[in-house]
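All remarks here apply to the structure that follows.
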Amino acid sequence: MDIGTLLPLAILLLLVSTWFVLYYAKRKTPIFIILLSIISFGLGSAAVALLPIDLSYAASLSDAADVDDNNDAQDGGDQNNNNNNLDNNPTYIPWKITYWTTFLLAWLILPITRETLLSGHFTLLQRIRNGFTKSIKAILLMSVCGFIAVIAMAIHLKSVHLVTIVLPVLMALGNTYGLVLVSLLLGNGLVNVPKRFWREACPANELRRIRMIACGVEEELFDSIMALEDVEDKIEEVCATAVNLRESGDENVTMMENEEGEVSLGTTTSRRRRGCWSLCWKADQVTQFHECLEELVRRKNEGRELCSERRTRRGGNSGTSPRNRRRASSDDDNDDAAETINTMDVKYLVTLNTQLKKAQERVISAELRWNELVDHNRIVSSLMNDDDAGSVASGQDGNDGAYNSSLLSSASSSSSGCHRVKYLLQRFWLRHLRYHTYRFIALTTAVLSVFVLLSEVTLASSLNLSPFSWTLAALDQWGGSSSQILFQLAALIPLLYMSICVYTCLFQMSLLGPYCLRGNRQSNGVALVRNAQYLVRLQFPLGYNYLLMLKYDMSNCAFSDIMSDMATIPFFGTSFSVYAPLLILLVCALSLFDCYPKMLHWLGIEHEDALLLGDQEDLECKVNEGIQLMTRDAERRGISGGQSATEKLSLKQSSNLIV
């Protein structure tokens, strides 16, 4: 095996990451963001692909070293053979490149890029400068921690060297951060993944779950719309003020200087009300202000159609709307703070632009999630209903049937025969195959979770109780080219499953918020960069934890040799990686008894499973309210003919359906 054998793997990872990014990225995403995301996702996935190959090669080198030791036992020969094996390891150089490239991406390039995209400044140079300024604060904090650690290690080892001190400290800090986060996410995923497959095996339970979380999803959409309207009202106030200043000649208009001493168009109000509006006498500043304001208004107008029907329905015509009541109370509480805000300054426009971008993305994400939930509800309801099977499949049940038919078929299929075939296949899967398939997957993942948990808990023990290690040892003893492929597959499956558990738990939380990935080219650049940042930060600590969990012979493993550089760091470079996974056991116990979502809710981090908690009466109310919300949404979409049979499914009817 040489370096040329890894070229097809690199091409495959490049193609897969390219397809992945293009599938999620919006059409107007800058090419730089797309290329950066492709590189990040490709290098982050390389850790999963390279590690099984590295282990396989390390096993073959160990066998060859054992044969050489029996034939030739010279002084110092073992160490020389080990160094030669690592130099000839085809994964050693790719590991070096991948690790340090992803390290720079995770802690420097991707954070600066993300903050640049989130910046509200109106020119590219200003956005880059602002992104660097915001990111440098976190970078300086990490640099201070790293500098203190380097000084401590220099005193401890009585030497300062780039290879023996600085790089190991950086590796230990990055591994510590990632390992703590991996332990929290993996502990929940090991329990939640099997539970979710077991729960969703029954379509009635799936339909019940959809309707229970519908209330929380709809409430998030409502709150996001109100937040967007608040920002839009502030922009309209600035526009009205600018128009009034241009048309009126107030004798109280004076010049005003901001905090940096620059003359700007603004207001100064105090409790003595000494002044009103002030006018900028510098033409370039006035021009800059109006250009920024025009850009801000243009962005606001682009989002005018976001949930326009919900704004009309929610606003109402009688009394004060909830949005206005909330804004009024907020303004009353912050009157003094509002008086000091310079609403006619370019900096204020930058703040509004930042708020507007975040509010629009929040509305888009909430609306997409709500639409996906509604469509999924209608699909499952239609497939579970026998009475309307023929009409839904043929699209002959008025507008409701046509709508269901469009959901159950692809947009390119125009023939009713194709609609019917696809519908029948979906119904056959739902009513006859889904239950047994999901239950089998649930049992399989539960066994894998038990094996992973056993391996993690006994990581600090001298005994090797990892079933994965036993499997790899048996395949290694088997020998042969076919066993090498089986060895790589056996090494890949646990690592892949652990990665799925980690990222499934991460996506169920609100950590990513409106910047979670949305398929079918609906994810913006911030979502791509932020998800890539989490991937490259977590994948290598997860791989190192998996390597320690196996307790396999790592003397010829290239990845183990690279990570062993941080062994010179006391505790965080050695013992912490062994004892930190014990946190997984605690998180598993909390997740098993549904305490984990509650704790996250107390910390302000929403988890999808938290919406499914409560007593029987509360859950019944959530289901009934979810049915009402779904029906109201169908009426809002203009589906005539009243409530269809699928929408009239009550909780009792759903629970009595037999799969």
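Inside segment 189-237, residues that are over 29 Å from Val452 (Cβ atoms), open to solvent by 40 Å² or more (accessible area, probe 1.4 Å) and not charged (D, E, K, R) make up a count of 1. Per the listing Arg420, Arg431, Arg439, the residue uniquely buried (at least 19 other Cβ atoms within 10 Å of the Cβ) and either part of a helix (DSSP H, G or I) or on the phi < 0 side of the Ramachandran plot (or both) is Arg420.
When every residue of segment 429-438 is checked against the conditions, at least one turns out to be over 30 Å from Thr471 (Cα atoms), over 33 Å from the mean Cα position of the chain (by Cα) and either modelled with pLDDT under 75 or not acidic (Asp, Glu) (or both). Evaluated against (1) modelled with pLDDT of 80 or more; (2) open to solvent by less than 30 Å² (accessible area, probe 1.4 Å), Ile569 falls short on exactly one condition, (1). Mind checking which residues of segment 35-63 are open to solvent by 20 Å² or more (accessible area, probe 1.4 Å) and polar (S, T, N, Q)? Those that are open to solvent by 20 Å² or more (accessible area, probe 1.4 Å) and polar (S, T, N, Q): Ser45, Ser60.
Of all the criteria given as (1) at pLDDT 90 or above; (2) open to solvent by 90 Å² or more (accessible area, probe 1.4 Å), the one not satisfied by Arg27 is (1). Of all residues in segment 614-646, those satisfying the criterion of being more than 16 Å from Arg209 (Cα to Cα) and either at pLDDT 70 or above or of a type in the set (D, E, K, R) (or both) are Thr631, Arg632, Asp633, Ala634, Glu635, Arg636, Arg637.
The values are calculated or read from the model by the stated rules, or taken from the named source; none is laboratory data. If you're wondering where the values come from, they're calculated on a predicted model, not measured in any experiment. A quick note on method: Cβ atoms are made from the backbone with ideal geometry, for glycine too, and the neighbour counts reach across all protein chains shown. Only protein heavy atoms, including side chains, enter the accessible area calculation; ligands, DNA and RNA are left aside. Shrake-Rupley method; radii C 1.70, N 1.55, O 1.52, S 1.80 Å.
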